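Everything on this sheet refers to the single structure shown next.
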Amino acid sequence: MTQNPRRQFLTQTAALAAAPLLAGVGADAFGQAPTRKLGVALCGLGSLSSNQIAPALLKTRNCRLSGIVTGTPSKAAEWKQKYNLSDKSIYDYKSMHRMADNKDIDIVYVVTPNALHLEHAMAAAAAGKHVFCEKPMEISVERCQQMIDAVKKAGKMLGVGYRCQFEPNHLECVRLAKEKVLGEVKIIDANFGFGMGDPTQWRLKRDLAGGGSLMDVGIYCLQTARMLTGEDPVWINAAEVKTDAVKFREVDETVLWQMKFPSGVVSNSVCTYNANGLAGFRAATTRGWFGLEPAYFYNGNRGRRSDNTEINIPVSDQFALELEDFADCIINKKPTRVSGEMGLADVKFLMAIYESIKKGRPVSLV
Ligand code: NAD
């Protein structure tokens, strides 16, 4: 389409004239409404924050890294220099209440071990900040509810870090399911796992993780089944297999489970801390199938359909997409699609899977 030169001139001139007013504000491309960049403080500077979230923040159109919460002084110094952070925006876990005075921080992204999410989310909410919390939201339904209540009481927004809810290849599969492009989805097979290394890490400690492979990676398979069906499971049957009773003394190693959904869809999943090479899903439909393999990686997720069509939509950065959406929701006062209620529901279903393992029989959820 040819652009109207006058209109182009006017939008460019208006953008230039507005430039001084936009100091500290991220202006969009010429002609678009300017977008304020929301300040994000990362709480917990481990692997995910360092390797994925902080680099992703640099790519977002409406967020910026404006603070950190860490218990390690050497990390504070390193991050301060690397990301040009001011002294007033560096906190430890005990001083988060001081954020109340810091206008540079709008959102606290909680990226600590699972069982610390509530404490850190509550501290952020009490300081008047929006909360974005990594998955799994917490280690019990009650603790998820406490988080929802605390953020609601503060009048702030709560979101859960379900990156696949923004991954275009996953969204294409949801479209295929919804529009019945290859017929109706009947059976879903979703699996995710990795070989757990360091036997001393928090992921193997019940107090901090709440569970093992199920809480960590099984949750992705649960999310896939819920996304593709648009429904909640009404029946769950599960079993656990442990081959290393020392390493996995406190948490599950491998979990196998099935779920039934109200429409009659059945899902089947395995998650594990005992093998690599398991990170995909397939939906069997009345006329064929579709799926992603890999489905759950940070990059390079892709798949196929039974009509020989490839599913391979380029993705800029899943973490940038989820953060941009959360910031958009705050700016435009819209509800987030990755709500605390969604996070709580998932924890409820994970607990039902553990209940089925414990009882040695299926669990009904109706
Ligand atoms: P990590 O071990 O690399 O980092 C955890 C951070 O928490 C560290 O900086 C550690 O110092 C800090 N911490 C604070 N108190 C602690 C304590 N008492 N014990 C241990 N560490 C403590 O873990 P990670 O891989 O970054 O995972 C953090 C969170 O992010 C978890 O909830 C995890 O499930 C989630 N996660 C999500 C994805 C995803 O793709 N969305 C991927 C990895 C991890």
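The values are calculated or read from the model by the stated rules, or taken from the named source; none is laboratory data. Please read all numbers here as calculations on a predicted model, not as lab measurements. Cβ placement follows ideal geometry from the backbone for every residue including glycine, while neighbour counts extend to all protein chains displayed. To get the accessible areas, we keep the full protein, side chains included, count just its heavy atoms, and leave off ligands, DNA and RNA. Shrake-Rupley method; radii C 1.70, N 1.55, O 1.52, S 1.80 Å.
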### Query
For the chain, what is the mean residue ellipticity at 222 nm derived from helices alone (per DSSP H run of n ≥ 4: -39500 (n - 2.57); sum divided by total residues; nearest 500 deg cm²/dmol)?
-9500 deg cm²/dmol
### Task
Starting with the highest mean, order 301-309, 57-65 by the number of other Cβ atoms within 10 Å, averaged over the residues of each peptide.
57-65, 301-309
#### Entry: Of K180/K260; K129/K152; K80/K333; K59/K80, those spanning more than 22 Å from alpha-carbon to alpha-carbon
K80/K333
### Task
Would you mind checking the tilt of helix 340-359 against the longest principal axis of the Cα atoms of the chain, expressed as 0 to 90 degrees and rounded to 10?
20 degrees
## Note on the structure
Packing-ranked peptide list from 226-232, 135-141, 82-88, highest mean Cβ count within 10 angstrom first, is 135-141, 226-232, 82-88
### Task
Estimate the FRET efficiency between S47 and R287 by the formula 1/(1 + (r/R0)^6), using the beta-carbon distance for r and 35 Å for R0, to the nearest 0.05.
0.25
### Summary
Taking Cα atoms, the helix 117-126 axis meets the longest principal axis of the chain at an angle in degrees (rounded to 10) of 30 degrees
#### Entry: Hz values of 3J(HN,Hα) by residue in the stretch 294-303 - Karplus curve (6.51, -1.76, 1.60), Gly and Pro given as x
x, 10, 10, 7, 6, 9, x, 5, 7, x
### Message
With an 8 Å Cα cut-off and a minimum separation of 6 or more residues, compute the relative contact order for the chain in percent.
### Response
17 percent
### Task
Determine the principal axes of the Cα atoms in the stretch 298-366, then give the extent along each, sorted from largest to smallest and rounded to whole angstroms.
44, 41, 21
## Note on the structure
the stretch 135-266 accessible area per residue, 1.4 Å probe, protein heavy atoms, integer Å², reads 40 Å²
#### Entry: Integer Hz, Karplus 6.51/-1.76/1.60 couplings in order for the stretch 136-148, x for Gly and Pro
x, 4, 7, 9, 8, 4, 4, 5, 4, 5, 4, 5, 4
### Task
Could you compute the FRET efficiency for W202 and N308, with r as their C-beta to C-beta distance and R0 at 30 Å, rounded to 0.05?
0.10
#### Entry: Residue-span extension gain [Q81 to D101] - 0.36 nm each, minus C-alpha spacing
5.0 nm
### Query
Given the Cα atoms of the stretch 226-366, and with Rh set as the inverse mean 1/r over their pairs in the Kirkwood sense, what is Rg to Rh to two decimals?
1.00
### Query
Long-range amide H contacts for F132: which residues qualify at under 5 Å (H placed 1.01 Å from N, peptide plane, sequence gap of 5 or more or a different chain)?
V108, Y109, V110, G159
### Long-range HN-HN contacts of G291 with modeled amide H, under 5 Å
A283, R304
#### Entry: C-alpha long axis of helix 73-83 to longest principal axis of the chain, angle in °
60 degrees
### Part-to-part distance (alpha-carbon centres) for the stretch 327-358 and the stretch 158-209, which is given in Å
13 Å
### Message
Modelling each spin label as a point 7 Å along the Cα-to-Cβ direction, I'd like the Q145/S316 distance in nm, to one decimal.
### Response
4.0 nm
### Query
For K348, which aspartates and glutamates qualify as cross-link partners when the Cα separation must be under 16 Å and same-chain residues fewer than eight apart are set aside?
E138, E142, D216, E231, D232
### Message
Can you return the lysines within cross-link range of K247? Criterion is Cα-Cα under 22 Å, with same-chain partners fewer than 8 residues away left out.
### Response
K205, K358
### Query
What part of the accessible area of the stretch 53-179, given as a whole %, is carbon or sulfur when the probe is 1.4 angstrom?
52 percent
### Summary
Contact order relative to length for the stretch 157-313, counting C-alpha pairs under 8 Å separated by 6 or more residues, stands in percent at 29 percent
### Message
Just to check I understand the Karplus step: with θ = phi - 60° and J = 6.51 cos²θ - 1.76 cosθ + 1.60, what whole-Hz values come out for the stretch 56-71, glycine and proline as x?
### Response
5, 4, 5, 9, 7, 7, 10, 9, 8, 6, 10, x, 9, 10, 8, x
